[in-house]
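Down below is the structure, laid out as structure tokens.
Read the figures in this text as sums done on the coordinates, not as results from a lab. These numbers were taken from a predicted model, which means no experiment stands behind them. Neighbour counts are summed over all protein chains in view; Cβ atoms, including those assigned to glycine, are modelled from backbone coordinates with ideal geometry.
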Amino acid sequence: MRHPPALRSRLGQALVLWGWVALALGGCAPAAAPVSLPAAVGTATPVPSPTAVAAVPAPSPTATCTPSPTVPPTSTATATPTPTASPSPTATFTPTSTATPTRTPVPTPVVSAREVLRGNPNRPWVALTFDADAAADPAPRILDTLKAYGVRATFFIQGWWADRHPDLVRRMVEEGHEIGNHSNTHPDFRTLTREEIVRELADAEAIIQRVAGRTSKPFFRPPYSYRNQLVREVAAEEGYLTVVWTIDAFDWKANATQESILREVLDHVVPGAIIVLHVGDENSAAVLPRLIEELRARGYEPVSLSEVLAP
């Protein structure tokens with residue numbers, strides 16, 4: 001289709017004008033590149049905000065990786081026992097050099113026709129009793145041991161023995177020991193009449209009173225432990241309680257030794273036991289320190305007859 005000349009002239013002018021516009025636009029494109037959006041974003045991201053980085057710091061490695069030196073428990077505080085936990089055994093067994101301690105007085109036993117073989121079983125006490133009816137040579141050593149260990153004992157003395165050894169009887173009394181009646185001549189009381197029993201007791205009492213200045217009452221031990229109902233009744237009428245024993249150490253036997261005496265007592269000891277030994281026996285005098293120590297090691301305290309009979 002052909003256009004009129006005038007129209008073609010206008011179209012040509014329009015094309016020229018669009019050409020200049022296109023040229024102008026093409027020349028401006030390079031200058032706009034520095035301020036394009038991608039360039040602005042690229043320059044902003046390399047500069048991080050300092051506060052954003054500080055808000056999420058990495059945890060300190062020393063807080064979790066390095067253990068505290070005080071974390072392991074100290075083993076020496078509990079592993080080493082205190083050396084004073086074990087008591088010294090010598091504290092109990094070492095005899096003292098002081099005199100026999102004064103003890104609280106105990107009530108006098110009630111005298112009756114009964115006989116006594118054992119004391120109060122409710123306390124760990126035992127009575128050491130000694131019969132004085134033969135030799136006297138070991139007696140000073142026995143008294144020395146009793147004094148050194150602070151033990152009060154009971155001595156059953158015959159009248160003739162007291163008459164022959166007055167100094168020993170007085171020492172027994174002065175050092176706090178008890179004195180009992182062991183007859184005058186050591187007969188078998190089962191063979192005696194009432195009058196003869198009375199005489200034996202009275203004669204021994206008179207000598208002890210003269211020598212020691214004190215009575216032998218209320219304790220009586222029949223020789224050989226031979227007794228019957230008549231003996232107990234007459235003794236009670238004269239103011240005596242008949243006392244025998246729980247344990248015979250058998251120190252009077254010809255074949256007795258220190259070890260046999262020790263074993264005889266320790267194998268049969270019970271709370272309230274009345275133990276009989278003899279003043280004239282060398283083995284008894286020699287073993288007495290060990291006997292006291294062994295009794296105490298087993299929890300028994302040697303006391304007098306009055307104490308072991310106390311309720």
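Observations, loosely collected:
- Other residues with beta-carbon under 13 Å from the beta-carbon of Asp267 carry, at +1 per Lys or Arg and -1 per Asp or Glu, a net charge of -2.
- Interchain or long-range residues, amide H under 5 Å from Trp125's placed H: Gly272, Glu301
- The distance separating the Cα centre of the stretch 276-311 from that of the stretch 197-219 comes to 25 Å.
- Simple spin-label estimate for Ala136 and Glu301 in nanometres, 7 Å along Cα-Cβ: 3.3 nm
- For the stretch 196-205, backbone phi angles converted through the Karplus equation (6.51, -1.76, 1.60; θ = phi - 60°) give residue-by-residue couplings of 5, 4, 4, 5, 4, 5, 5, 5, 5, 4 Hz, Gly and Pro being listed as x.
- Cα pair distances in the stretch 111-309, grouped into 10 Å bins until the bin that holds the longest one, percent each: 9, 39, 38, 14, 1
- Under the Karplus curve 6.51 cos²θ - 1.76 cosθ + 1.60, θ = phi - 60°, whole-Hz ³J(HN,Hα) for the stretch 237-246, x wherever Gly or Pro sits: 4, 8, x, 10, 9, 6, 10, 10, 6, 9
- Taking amide H as placed 1.01 Å from N in the peptide plane, Arg152 has its amide H under 5 Å from the amide H of Ser304, each at least 5 places away in sequence or on another chain.
- Phi angles of the stretch 269-280 translate, via the Karplus equation with coefficients 6.51, -1.76, 1.60 and θ = phi - 60°, into HN-Hα couplings of 5, 9, x, x, 5, 9, 9, 10, 10, 10, 4, x Hz per residue; Gly and Pro are given as x.
- Antiparallel bridges, percent of DSSP beta bridges restricted to the stretch 111-309 (to nearest 5): 5 percent
- Proximal charge balance of Ala135 [Cβ under 11 Å; K/R count +1, D/E count -1]: -3
- Around Arg171: net Lys/Arg minus Asp/Glu count, Cβ-Cβ under 14 Å: 0
- Gap separating the Cα centres of the stretch 126-183 and the stretch 106-121, nearest whole Å: 20 Å
- Dipole check for the stretch 111-309: with +1 at the C-beta of Lys and Arg, -1 at the C-beta of Asp and Glu, and the Cα centre as origin, the magnitude is about 420 Debye.
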